[in-house]
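> After the structure tokens below, expect a handful of questions from me.
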């Protein structure tokens with residue numbers, strides 16, 4: 001073995017080791033830049049306000065279920081008659097206090113359900129509104145028309161029981177037709 005080749009190899013190895021050490025030290029020495037103090041304070045206050053507001057908002061699992069449902073039963077083919085309903089809530093509206101104007105609101109409504117056969121949890125999503133709420137949404141955005149998609153429930157005024165009955169009846173009607181994962185209205189929850 002040639003001693004010159006060994007020296008060159010050791011030198012190259014040490015040079016690469018030193019270069020790797022310097023590069024990793026540069027990555028460690030970087031400190032993240034914080035936003036200016038005023039912005040940071042506002043952000044912190046906004047997060048604290050949102051957290052405290054979220055704790056005060058009730059969702060369906062916090063309340064007694066307002067409608068009677070048939071028992072979950074399995075037929076001879078092994079299919080269940082309905083999913084297990086776990087929770088329901090609106091995107092912006094508090095379930096207990098309702099919207100500011102019960103005759104004019106538009107919000108997304110979510111209903112979580114679990115398929116008893118495979119224990120998958122799905123979230124059904126609907127747009128729920130009153131005619132006045134739809135008009136407000138159009139006026140606010142200066143829209144000549146409004147496309148809402150297929151999962152829309154129109155009610156005359158705020159009535160959680162009516163909204164929940166309407167959504168659940170629609171789910172029960174479709175439940176036996178397809179597997180829950182194939183339903184357009186059910187979105188699988190991310191674990």
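The values are calculated or read from the model by the stated rules, or taken from the named source; none is laboratory data. All values reported here derive from a predicted model rather than from experimental measurement. Because the Cβ atoms are built from the backbone with ideal geometry, glycine has one as well, and the counts that use them run over all protein chains shown.
> What about residue 96, is it surrounded by fewer than 20 Cβ atoms within 10 Å (Cβ to Cβ), more than 29 Å from residue 74 (Cβ to Cβ) and touching a helix residue (DSSP H, G or I) at 6+ places or on another chain (Cβ under 9 Å)? Explain how you work it out, then say what you get.
On the way: surrounded by fewer than 20 Cβ atoms within 10 Å (Cβ to Cβ): yes; more than 29 Å from residue 74 (Cβ to Cβ): yes; touching a helix residue (DSSP H, G or I) at 6+ places or on another chain (Cβ under 9 Å): yes.
When the stated conditions are applied, residue 96 passes them.
> I want to confirm something. Restricting to the range 145-157 and keeping residues that are within 18 Å of residue 105 (Cβ to Cβ) and without any contact (Cβ under 8 Å) to a residue 24 or more places away in the chain, which single residue is surrounded by the fewest Cβ atoms within 10 Å (Cβ to Cβ)?
Step one: filter the range 145-157 for residues within 18 Å of residue 105 (Cβ to Cβ), giving 146, 148-149, 151-157.
Cutting the leftovers down to without any contact (Cβ under 8 Å) to a residue 24 or more places away in the chain gives us 146, 148-149.
Details: 146: 13, 148: 14, 149: 10.
Looking at the filtered set, the residue picked out is 149.
> What's the number of the only condition in (1) surrounded by fewer than 16 Cβ atoms within 10 Å (Cβ to Cβ); (2) at pLDDT below 95 that residue 134 fails to meet?
(1)
> Something else now. Quick check on the range 149-161. Is at least one of its residues part of a loop (DSSP other than H, G, I, E, B), modelled with pLDDT under 90 and more than 30 Å from residue 77 (Cβ to Cβ)?
There is at least one residue in the range 149-161 that is part of a loop (DSSP other than H, G, I, E, B), modelled with pLDDT under 90 and more than 30 Å from residue 77 (Cβ to Cβ).
> Hey, residue 142 hits all of (1) touching a residue at least 12 places away in the same chain (Cβ under 8 Å); (2) over 17 Å from residue 174 (Cβ atoms) but one; which does it fall short on?
Of everything listed in (1) touching a residue at least 12 places away in the same chain (Cβ under 8 Å); (2) over 17 Å from residue 174 (Cβ atoms), residue 142 misses just condition (1).
> Counting only residues that are surrounded by fewer than 11 Cβ atoms within 10 Å (Cβ to Cβ) and either in contact with a strand residue (DSSP E or B) (Cβ under 7 Å, 6 or more places away or on another chain) or farther than 20 Å from residue 158 by Cβ (or both), how many does the range 54-91 have?
Residues of the range 54-91 that are surrounded by fewer than 11 Cβ atoms within 10 Å (Cβ to Cβ), as a first pass: 54-56, 64, 68, 70-71, 73, 75-78.
Of the ones still in play, those that are also either in contact with a strand residue (DSSP E or B) (Cβ under 7 Å, 6 or more places away or on another chain) or farther than 20 Å from residue 158 by Cβ (or both) are 54-55, 68, 70-71, 73, 75-78.
Final tally of qualifying residues: 10.
> So residue 168 ticks every box in (1) surrounded by fewer than 18 Cβ atoms within 10 Å (Cβ to Cβ); (2) over 13 Å from residue 103 (Cβ atoms) but one. Which box is left unticked?
(1)
> Of everything in the range 99-131, what is assigned to a loop (DSSP other than H, G, I, E, B), surrounded by 20 or more Cβ atoms within 10 Å (Cβ to Cβ) and without any contact (Cβ under 8 Å) to a residue 40 or more places away in the chain? Give them in sequence order.
Within the range 99-131, the first condition is being assigned to a loop (DSSP other than H, G, I, E, B), and the residues that meet it are 99-105, 115-120, 130.
Filter once more, keeping what is surrounded by 20 or more Cβ atoms within 10 Å (Cβ to Cβ): 105, 130.
Within the range 99-131, just 130 meets the criteria.
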